[in-house]
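Working notes, structure below.
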Amino acid sequence: MSKVIERTIDATEHPISPYIRMDRMPHIWCPTCGIGTVVKCYATALDESGIDINKVSIVSGIGCTGRTAGYMNLDGFHTTHGRAVPFATGLKLGRPELLVTVFSGDGDLVGIGGNHFIHAARRNIDLLVILINNFIYGMTGGQNAPTTPITAKTSTMPFGNFERPFNIPHLAASCGASYVARYTSLHVRRMTKAFKEALSRKGFRFIEIVTPCSTLYARLNKLGTGLNLINYYEKSSEIRNGVDTRDIDISFQDKIICGKFIDEERPTFLDMMHDHYKRTLGDRYVPMSNEGGMIRE
Amino acid sequence: MKFWRKPLDLDQVEIPRGEVHIIADRCKGCEFCVEYCPKDVLEMSTEFNAKGYHSPIVVKPNECVNCGLCEMICPEFAIFCIQLENRRLVDQEIESFEPETTPRMVAL
Amino acid sequence: MKTDPLGVLTGEHYLDGDYACGEGAMAAGCRFVAGYPITPSTEVVERISQRFPMIGGTFIQMEDELASMAAIVGASWTGVKSMTVTSGPGFSLMMENIGLAAMMETPCVVVNVQRGGPSTGLPTMVGQADMMQARWGSHGDYEIIALCPESPQEAFDLMTDAFNLAEEYRTPVLFMMDECVGHMTEKVVIPDPDKIDIVPRKLTRAKPEEYKPYLVNGNMIPEFARAGDGYKFHTTGLTHDEKGYPVMSEECQAVLVKRLVDKIRLNADEIAKYKEDGVDGADVVLVTYGITARVARMGIDLARKKGVKVGVIRLQIVWPFPEKRIRELAGKIKAFVVPEINYGQIVLEVERCAAGKVPAILVSHMGGGVHNPEDIRDAILEAAK
């Protein structure tokens, strides 16, 4: 057996350090939870994109994923349950030069926040929305989610879920999202690439990441550890870029179709607004500046 | 390197090298890095860290090719790699090279 | 500072209260509005959406009131003065994010053109029954600022106060109109822009690496950093310390919530705004607000003709309540009379401040119309006995 490297290392040498509030580590996420992996991939994407991170804001709602905004070293807004998307909408429209990312869990984004999600996609608001889907409400103790696969057990469906879950990429695509992709938290390279690509696009960009919840989802369903869930992703995920989003429902412990499904440039809400007012009002139109509508002294 | 046959230019192959660093006390013992390291550089330690978890240890430091997978997949930001200079295989390694017949293909 | 002249439609106009309110917001520097249609408030956003493209403002009609409120809180973090407009049912939906705005200390204005309730109630008819909801509507302890205009002119004028108070105290400010004022059309004089003083967003001058978003120095109001200026701050609806980081402890809760309440409670005298008429030497004092204040004027005139010494305090700012003034008067008069279009809300506050020294008599109207001035007169006469 080779010798372990014996150099004392400083935790701040970790390349993610500039993007994370190191004074708040360790984070609250359970062992084997996938959220940390997604955060790392997002930070890497930011780093490799060379974006001015002073102009990047992160908004999240409530739940395990909701904590993301508090851990990233960006302008971070930890808002109310389900309202991350409309909050982010205000932030973006208030200062259009901002690059706004929403981190949201499945219950937050399409349970309590479902109405906001579809309307933001319909309007093509310029947001990158990252959904962390673990099929369950984690923070509150394993209740049924709008993504829980049929037959999966949750604390409020102790005999197995009988409600049909959302196919969220399809929901986003059918509402007009300009970029739609899905990966699992095992797909670290593809996920990072998708984040990078989405950061360079405009409009409502939606990326779903399926992540393990060992504390509740795996335990209630006797699926073993988080590692077992990751192994399941390895065996059952299939990359099929460009596939029709109607065909990518996720059944219990069944195939997870991953890939990039939609990548189409469409005019955003602000593009449409500017063009329309320029056309209809001509010189009378005074657009809010890219820097925002704040009145300075 | 994992190949299904022995490459003819094996003596010319430049192998990237990395140095794995583990911030042991941040680890919560998920084992993702150990499971998915393509070079089996890591193993779980039998020791406990400050939080009471078993963290990984580097057992084959010379095997690391700086792919960064452990760094990317670690949910705790507890592991990272530093790039070292590339190296070439030594004669002994070329001689003893055995292609893998069933490599584990993981598309990440 | 003086306001941005772009938003000010100087001149004499014939406007309803909703339009006047919209003009007031634009004159006060509001440049972001998110709203959802609801009677009888919709004309406010109709006016704004008509004029915003020409003054550099952005209006978005959101999918519901939850979203509208969340959007204006988000927008405010870019430094823009933001507002939403609604009525009873929508006001109920906004409560969650009004609490968020209070907790994150986000300046913004919420207009509620009150109609009859509960529930869908009387959508097109007047009510004043959301006054206690304005005070207590969102969960947890916090204090709020709420204004009440009695006319379209005042709907215009008080809008500047509303936006300025929001900036001054870093808090959501509620603008409690009622359907009568909203739909009443009268002359509204809009002054020159150099006559309108506005409070700009007070941005921190601290260096980003030293900045703490909820650090206070004496005056209880933390300095503001806007998103995108490199401060990389964190803010949350969770109980937080001065760094804005969540801290789940009794101590942190005590420090934070006490300050959120005290920054308004201890400044109540400074914030208070009311108009008095004939209070000195009065036997009976009316406490009134909104449209009821105007109806009450006739009741007062009728009572004065009968020889009763009656004064009136008209609340332009209802919350924080002018507790000190009411307590003072309680020792000098025979009774308070409180006419309002509900089954007793502000009367409870008057009663609390009167502390049993004198009665506070409610003249209730259940909504859908305004008081009969004779009912108010009769209550005054009864109180003066």
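The values are calculated or read from the model by the stated rules, or taken from the named source; none is laboratory data. Keep in mind that what you see is a predicted model, and the values were worked out from it rather than measured. Don't worry about glycine lacking a Cβ; one is built from the backbone with ideal geometry, like all the others, and counts go over all protein chains shown. In case anyone asks, the SASA skips ligands and DNA or RNA and just uses the protein heavy atoms, side chains included. Shrake-Rupley method; radii C 1.70, N 1.55, O 1.52, S 1.80 Å.
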- residue C:216 and residue C:1 label points (each 7 Å along its Cα→Cβ direction) are spaced in nm at 2.5
- Over the whole of A:59-70, what's the average partner chain Cβ count within 10 Å per residue? Rounded to a whole number, please. 2
- Calculate, for residue B:82 and residue C:139, the FRET efficiency according to 1/(1 + (r/R0)^6) with r their C-beta to C-beta distance and R0 35 Å; round to the nearest 0.05. 0.10
- Check: the protein assembly as shown dipole with +1 on Lys, Arg Cβ and -1 on Asp, Glu Cβ, in debye: 540
- Note on the structure: Over region A:168-297, the quotient of the Cα radius of gyration and 2.2 N^0.38 Å is 1.44
- Could you look at the protein assembly as shown and say what percent of its accessible area is carbon and sulfur, using a 1.4 Å probe and all protein chains? 51
- Item | 10 Å binning of all Cα-Cα separations within region C:217-358, expressed as whole percents from 0 upward | 10, 30, 23, 16, 14, 6, 1
- Message: Please give me the summed charge of the neighbours of residue B:28: other residues whose Cβ is under 11 Å from its Cβ, Lys and Arg +1, Asp and Glu -1.
- Response: -1
- What's the FRET efficiency of residue B:50 with residue A:219 using the Cβ-Cβ distance as r and R₀ = 35 Å, to the nearest 0.05? 0.90
- What is the local net charge at residue C:32, summed over the other residues whose Cβ is closer than 12 Å to its Cβ (Lys, Arg +1; Asp, Glu -1)? +4
- DSSP-defined antiparallel bridges as percent of all bridges, chain C, nearest 5: 30
- Please report the relative contact order for chain B, taking Cα pairs under 8 Å with a sequence separation of at least 6, and give it as a percent rounded to a whole number. 41
- Task: Using only alpha carbon positions, build the gyration tensor of region C:275-384, then give the equivalent ellipsoid semi-axes as the square roots of 5 times its eigenvalues, largest first, whole angstrom.
- Result: 18, 17, 12
- Task: Within the set of other residues whose C-beta is less than 9 Å from the C-beta of residue C:167, count the net charge using Lys and Arg as +1 and Asp and Glu as -1.
- Result: +3
- For chain A, the longest principal axis of the Cα atoms and the Cα long axis of helix A:188-200 enclose an angle in degrees, to the nearest 10, of 10
- Debye, to nearest 20: dipole size of region C:275-384, +1 on Lys, Arg Cβ, -1 on Asp, Glu Cβ: 280
- Item | For chain A, with +1 on Lys and Arg beta carbons and -1 on Asp and Glu, the positive-most of A:45, A:116, A:156 along the dipole | A:156
- Task: Let me know the Kirkwood hydrodynamic radius for region A:223-297, please, with Cα pairs as the basis and the value in Å to one decimal.
- Result: 17.2
- Which residue, C:279, C:347, C:80, tops the fluctuation ranking in a GNM of chain C built on C-alpha contacts under 10 Å? C:279
- Query: What are the principal axis extents of the Cα atoms in region C:13-158, in Å, biggest first?
  - Reply: 39, 35, 27
- Message: Place a point 7 Å from the Cα of residue C:269 along the Cα-to-Cβ direction; which residues of region C:318-343 have their backbone N under 17 Å from it?
- Response: C:320-330
- Note on the structure: Residue-normalised 222 nm signal for chain C, counting each DSSP H run of n ≥ 4 as -39,500 (n - 2.57), nearest 500 deg cm²/dmol, is -11500 deg cm²/dmol
- Task: Normalising by the residue count of chain A, find the relative contact order in percent from Cα pairs under 8 Å and 6+ residues apart.
- Result: 18
- Message: For residue C:178, what accessible surface area do you get with a 1.4 Å probe? Give it in Å², rounded to 10.
- Response: 0
- Message: Would you report the distance distribution of C-alpha pairs in region C:8-93 as whole percents per 10 angstrom bin, up to the bin with the largest distance?
- Response: 19, 53, 25, 3
- Message: Please report the antiparallel percentage of DSSP beta bridges with both residues in the protein assembly as shown, rounded to the nearest 5.
- Response: 35
- What's the center-to-center distance, using Cα atoms, between region A:232-297 and region C:221-285 in Å? 38
- Message: Starting from the 7 Å offset along Cα-to-Cβ, what nm value, one decimal, do you get for the label separation of residue A:23 and residue C:306?
- Response: 6.7
- Item | Per-residue mean of C-beta atoms belonging to partner chains within 10 Å, peptide A:183-192 | 4
- Item | Long-range tail of P(r) for the protein assembly as shown (Cα pairs > 53 Å, %) | 22
- Query: What translational D, rounded to a whole number of µm²/s, comes out for region B:20-95 from Stokes-Einstein when the hydrodynamic radius is the Kirkwood one over Cα pairs, at 37 °C and 0.692 mPa s?
  - Reply: 252
- Note on the structure: At R0 = 35 Å the Cβ-Cβ FRET efficiency linking residue C:197 and residue A:51, nearest 0.05, sits at 0.35
- Counting only the backbone N, which residues of region A:217-249 are under 20 Å from the spot 7 Å out from the Cα of residue B:102 toward its beta-carbon? A:231-237
- Item | Rh (Kirkwood; distinct C-alpha pairs) - chain C, Å | 21.3
- Stretched fully, the stretch from residue A:239 through residue A:272 gains (0.36 nm per residue minus C-alpha distance, one decimal, in nm) 8.5 nm
- Enter the Cα centre distance for the pair region C:113-170 and region C:1-46, rounded to the nearest angstrom. 16
- For the protein assembly as shown, build the charge dipole from Cβ charges (+1 Lys, Arg; -1 Asp, Glu) around the Cα centre, then report which of C:354, C:264, B:13 sits farthest towards its positive end. C:354
- Item | Antiparallel content of DSSP bridges confined to region C:88-225, in %, to 5 | 15
- State, in square angstrom and to the nearest 100, the accessible area buried between chains A and C, both chains counted, probe radius 1.4 Å. 4200
- Note on the structure: Dividing the mean separation of Cα pairs under 8 Å (6+ apart) by the residue count of chain C yields a relative contact order in percent of 17
- Query: Which value, in debye to the nearest 20, gives the size of the charge dipole of region B:1-63 about its Cα centre, when Lys and Arg are +1 and Asp and Glu are -1 at the Cβ?
  - Reply: 140
- Message: I'd like to know which of C:126, A:262, C:216 lies farthest towards the positive end of the charge dipole of the protein assembly as shown, counting +1 on Cβ of Lys and Arg and -1 on Cβ of Asp and Glu.
- Response: C:126
- Message: Which one, C:208, C:373, C:37, has the greatest fluctuation when you compute a Gaussian network model over chain C with C-alpha springs under 10 angstrom?
- Response: C:208
- Where is the GNM fluctuation largest for chain A (alpha-carbon springs, 10 angstrom cutoff): A:201, A:122, A:21? A:21
- Task: Any chance you could get the radius of gyration and Dmax over the Cα atoms of region A:16-284, in Å?
- Result: 18.0, 65
- Query: In whole Å, what is the distance between the alpha-carbon centres of region B:24-53 and region C:308-369?
  - Reply: 69
- In peptide B:27-40, what is the residue-averaged number of other protein chain Cβ atoms found within 10 Å of each Cβ? 4
